[in-house]
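One structure is given here, and the rest of the page talks about it.
Since every read-out is calculated from the coordinates, none of them should be taken as a lab result. None of these values were measured; they are calculated from a predicted model. Note that each Cβ is placed from the backbone with ideal geometry, even for glycine, and that neighbours are counted across all protein chains shown.
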Amino acid sequence: MDILIDLIQRGGWVMYPILCCSLTALAIILERTWTFRRSRIIPRSLVSSVSDLLIRRQYNEAGFLCQDGQNSAARLIRQGLKMIGQPRSLFKDSMEEMGRRESGYLSSHLELLGVIASVSPLLGLLGTVSGMINAFGAVAQAGMGNPGLLAGGIGQALLTTAAGLVVAIPVMVIQRLLVSRVETLTTDLEDLGADLLEALAAQEVPPARPAAKS
């Protein structure tokens, strides 16, 4: 901890926004990792229980299981139950719209991770440029008799670039992994919606043929 505090102090004021970026990214990663557990998005027990009830046409009981709407699968199933008796086209549109909403919910905050991954190196570069200006300014005042002063100033200035990269690289990798996880969960929700479509959507009634003239 003392080493970290020393690095922050040596890096200058830019180290503080870089530190804030790292803490924000860590909070988002932990929250999204917890949220993306399959048991919180598409619980197998819920899907299995609802499937059994739908086979027996016990729609009220199925709706009761999903009434809390605490996960994406429950909200999707509840929306499907509301569309019972509707034409297949309307049912499909409703399921697709619900799927887009859930995908947006799952993707929330991931864009911010991308922003942090992009901004952190720039903050590090800003700190390096600022540190270099200060280092050359100090050399200009003290003269070239002490080259160690310049070397020390440059080394200190480069700390911010290193810090920015240390934050950006893992955040970028983890953000891509989380986006891939969202895509997988979205595909699973689409499959669930398709199953509901087959189980619940009424076939569109074909237009009645005109009665034959006598």
For every other residue with a beta carbon closer than 14 angstrom to the beta carbon of Asn71, add +1 if it is Lys or Arg and -1 if Asp or Glu, then tell me the sum. +4
Which semi-axis lengths, in whole Å and largest first, follow from the square roots of five times the eigenvalues of the Cα gyration tensor of the range 11-200? 56, 13, 10
Evaluate the Debye formula for the range 92-137 with equal point scatterers sitting on the alpha carbons, no solvent, and hand back log10 of I(q)/I(0) at q = 0.13, 0.24, 0.29 Å⁻¹, in q order, two decimals. -0.52, -0.82, -0.93
By average Cβ neighbour count within 10 Å, what is the ranking of 49-59, 72-82, 182-192 from highest down? 72-82, 182-192, 49-59
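Could you give the length gained by full extension between Asp68 and Ile133, i.e. 0.36 nm per residue of separation minus their alpha carbon distance, to one decimal place?
Details: separation 65, 0.36 × 65 = 23.40 nm, distance 5.91 nm.
Contour length minus Cα-Cα distance gives 17.5 nm.
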